[in-house]
C-alpha cells in the first residue's frame, strides 16, 4: 500500500511541530549550563540616594563617620554631614572654561586630596572647607587617575599610564616610585598595603606592582575574554571581571598566574563593571541596566537586588569602607547607600 502524501499545509504544520520539539529539547539540555534568570532577594540592604545632578558620581571619601565628599564628572563635588544619606552640591574655585572630570578623592582625617582630568590636583588640610590647587609638572607621564591619602602631608598619586609618585610635604615635591610605567590603563586599584594592579586600555593584559619593585610586572589574561576591571579580595589576592560577564578569582596570593574557572552569575546581555565584599562577607557585582547581584556563598549562587533592578542606570563602582559604609555609584546622578 502506498503512503499517502501530506498536503502542503499539513507538511508545513508537521515541520513546525518538529522544530518546536527540537527547541524544547535543546532548552532542557542547556538549562543546566546557563542561567537567564535569578531570584530576587526578599529584602534589600540598599537605599536610593537622591542626587540633584545628572553628572556621573565617580568616587567618595569621608573625613569622619558623618562628613564626606562625593566627586564626579562635569566638576561635580557634593558634601554630606549625615553619613551619605543626603548630599549638597558645592563649588570649587577652578577656571570656568575648563570642564574637569574629578576622578578620585581620599582623606586621612582632615587632610584630603582630589585628582582629576585634565591635570588637576587639589589638597585640603581643613576637612574640605578650602581647597588649594597644586600644579603638576607638565612632563608628568599620563593624567592623574588615583590618589591615596597616607598621613600628615603624605599621599600617593597614580596616573593613567601607571606612573606612581609619593609626597611627604603636602604635594610640594613628588618622588617617582616606579621607573617604568605600565602603559595606558583602563582600570587601576591600590591595596591597603601599597600594592597596585592595573588593566591595560585594551583589556588584553594586566600588570602588578609591589612597593620596592623597580617596574610593573606584566601578566597575560587568563582567557580570550578581554579584561574589564580588577581589584583585591579581602585576603589580598586578586579578582577580575572580564567581558562576557565573567568573574574569576586568584586563589593563591603567591601565584598571580593561577585563576579559578569563570563564574557567570547570569546571562542577561549586560556586563559587570565592578566587584566588592560587604561588611558581612557578601559578594556584590554590578553593571549595565541596573544589574546588581549578591552571593552569600562565595559565588556559587546568586540573587538579584530588587532596589538595584529599579534604577535606570549602569552601576560603575561598588565601594565599602572599613567602618561599614557602602555605596553603589551609577550614571546620571544615580547612587545607592548601604543600610544593612
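Here are the numbers for this structure:
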item: Qualifying positions in region 286-295 - in contact with a strand residue (DSSP E or B) (Cβ under 7 Å, 6 or more places away or on another chain) and either touching a residue at least 60 places away in the same chain (Cβ under 8 Å) or more than 12 Å from residue 328 (Cβ to Cβ) (or both); result: 292, 293, 294, 295
item: Residue check for residue 210: surrounded by fewer than 22 Cβ atoms within 10 Å (Cβ to Cβ) and either in contact with a helix residue (DSSP H, G or I) (Cβ under 8 Å, 6 or more places away or on another chain) or modelled with pLDDT under 95 (or both); result: no
item: Filter result (part of a loop (DSSP other than H, G, I, E, B) and surrounded by fewer than 16 Cβ atoms within 10 Å (Cβ to Cβ)) within region 286-310; result: 296, 297, 298, 300, 301, 310
item: Any hit, region 312-334, residues being assigned to a helix (DSSP H, G or I), touching a residue at least 24 places away in the same chain (Cβ under 8 Å), over 14 Å from the mean Cα position of the chain (by Cα) and surrounded by fewer than 17 Cβ atoms within 10 Å (Cβ to Cβ); result: no
item: Residues satisfying the stated conditions in region 269-285, i.e. free of Cβ contacts under 8 Å to residues at least 24 places away in the same chain and surrounded by 20 or more Cβ atoms within 10 Å (Cβ to Cβ); result: 283
item: Selection status of residue 233, surrounded by fewer than 20 Cβ atoms within 10 Å (Cβ to Cβ) and either under 15 Å from the mean Cα position of the chain (by Cα) or modelled with pLDDT under 95 (or both); result: yes
item: Hits in region 296-311 (condition: over 18 Å from residue 340 (Cα atoms) and free of Cβ contacts under 8 Å to residues at least 12 places away in the same chain); result: 300, 301
item: One residue from 79, 89, 98 being surrounded by fewer than 18 Cβ atoms within 10 Å (Cβ to Cβ) and at pLDDT below 95; result: 98
item: Residue list for region 21-54, filter: surrounded by 12 or more Cβ atoms within 10 Å (Cβ to Cβ), modelled with pLDDT of 50 or more and part of a loop (DSSP other than H, G, I, E, B); result: 38, 41, 44, 45, 49, 51, 53, 54
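The values are calculated or read from the model by the stated rules, or taken from the named source; none is laboratory data. Please read all numbers here as calculations on a predicted model, not as lab measurements. FYI the Cβ positions are ideal-geometry reconstructions off the backbone, even for glycines, and counts take in every protein chain you see.
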